[in-house]
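Quick note: the coordinates plus some simple rules give every number you see, no bench work behind them. Not measured: the values here are computed from a predicted model. Virtual Cβ from ideal backbone geometry, glycine too; neighbours counted across all protein chains shown.
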Amino acid sequence: MPKILLVDDAAFMRMRCKKLLVEKGYEVIEAENGAEGVEQFKAHSPDLVLMDITMPVMDGITALKEIKALDKGAVVAMVSAMGQQAMVIEAIKAGAKDFILKPFEPDKVIATVKKLVG
């Protein structure tokens, strides 16, 4: 069962996304900011990271760069609201494999996860 690290400062977004992923058979680990996300990545070596861009303590792009420095093969998809195209482009350049638009549609989340980790 693929392990997914969900990094988002909004508890309701993590809760919604976790419920969806667990129902589909994925194991889910949570973090509420980029710094915690990097620590959880080190501790659990997830198959996929779903990372919000705008968060306190450490933003998603900085966390993405740190995760990629730890593991060049890490699979990270950014989760972003409309209007953050410049940040999404920066994230793709930093090694993100995909991005999911907020507010997310469950089918699109599952399609992205399946595409990236099966």
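Using each residue's phi in region 15-31, evaluate 6.51 cos²θ - 1.76 cosθ + 1.60 at θ = phi - 60° and report the 3J(HN,Hα) Karplus result to the nearest Hz, with x for Gly and Pro.
3J(HN,Hα) across region 15-31, in whole Hz: 4, 4, 5, 4, 4, 4, 5, 5, 4, 8, x, 8, 8, 10, 10, 10, 8.
Quickly estimate the mean residue ellipticity at 222 nm for the chain, helices only: each DSSP H run with n ≥ 4 gives -39500 (n - 2.57), and the total goes over all residues, rounded to 500.
On the way: 5 runs with 56 residues, N = 118.
So the calculated ellipticity at 222 nm is -14500 deg cm²/dmol.
Can you list the HN-Hα couplings for region 63-75, worked out from phi with the Karplus curve (6.51, -1.76, 1.60; θ = phi - 60°), rounded to whole Hz and with x for Gly and Pro?
Working through the residues one at a time gives 4, 4, 4, 5, 5, 5, 5, 6, 8, 4, x, 4, 9 Hz.
Please give the charge dipole size of the chain, origin at the Cα centre, charges +1 on K and R Cβ atoms and -1 on D and E Cβ atoms. Round to the nearest 20 debye.
My answer is approximately 380 debye.
Please report, in whole Å³, the volume per residue of the convex hull around the C-alpha atoms of the chain. Can you show the working numbers first?
Numbers: hull volume 10.1 nm³, N = 118.
Considering the Cα atoms of the chain, their hull volume per residue is 86 Å³.
Quick check: Cα centre of region 83-117 to Cα centre of region 1-44, how many Å?
15
Quick query: amide H of Val28 versus all other amide H atoms, modeled in the peptide plane; which residues come in under 5 Å with a sequence gap of 5 or more or a different chain?
Those qualifying (amide H under 5 Å, at least 5 residues apart or on another chain) are Ile4.
How would you classify region 53-118 from its alpha-carbon gyration tensor, with a ≥ b ≥ c the square roots of the eigenvalues: rounded for a/c under 1.5, else prolate if a/b is greater than b/c, otherwise oblate?
oblate
Rank Ile53, Ile61, Ile92 by mean-square fluctuation in a GNM of the chain with C-alpha springs under 10 angstrom and give only the top-ranked residue.
Ile92
Over 20 Å between Cα atoms: which of Lys65/Lys97; Lys68/Lys102; Lys72/Lys93 fall into that group?
Lys68/Lys102
With N set to the number of residues, divide the alpha-carbon radius of gyration of region 1-62 by 2.2 N^0.38 Å and report two decimals. Spell out each step's value before the answer.
On the way: Rg = 10.8 Å, N = 62, 2.2 N^0.38 = 10.6 Å.
For region 1-62, the normalised Cα radius of gyration comes out at 1.02.
Pick from Ala91, Ala11, Ala77 the residue whose mean-square fluctuation is largest in a GNM of the chain, springs joining Cα atoms under 10 Å.
Of the options given, Ala11 has the highest mean-square fluctuation.
With a 10 Å cut-off between alpha carbons and a GNM built on the chain, which of Val75, Val49, Val22 moves the most?
Looking only at Val75, Val49, Val22, the largest GNM fluctuation is found for Val22.
Can you find, among Gly34, Val88, Phe12, the residue farthest towards the positive end of the dipole of the chain? Put +1 on the C-beta of Lys and Arg, -1 on that of Asp and Glu.
Val88
Name the long-range amide H neighbours of Val75: under 5 Å, sequence gap of 5 or more, or other chain; modelled H, no Pro or chain starts.
Val49
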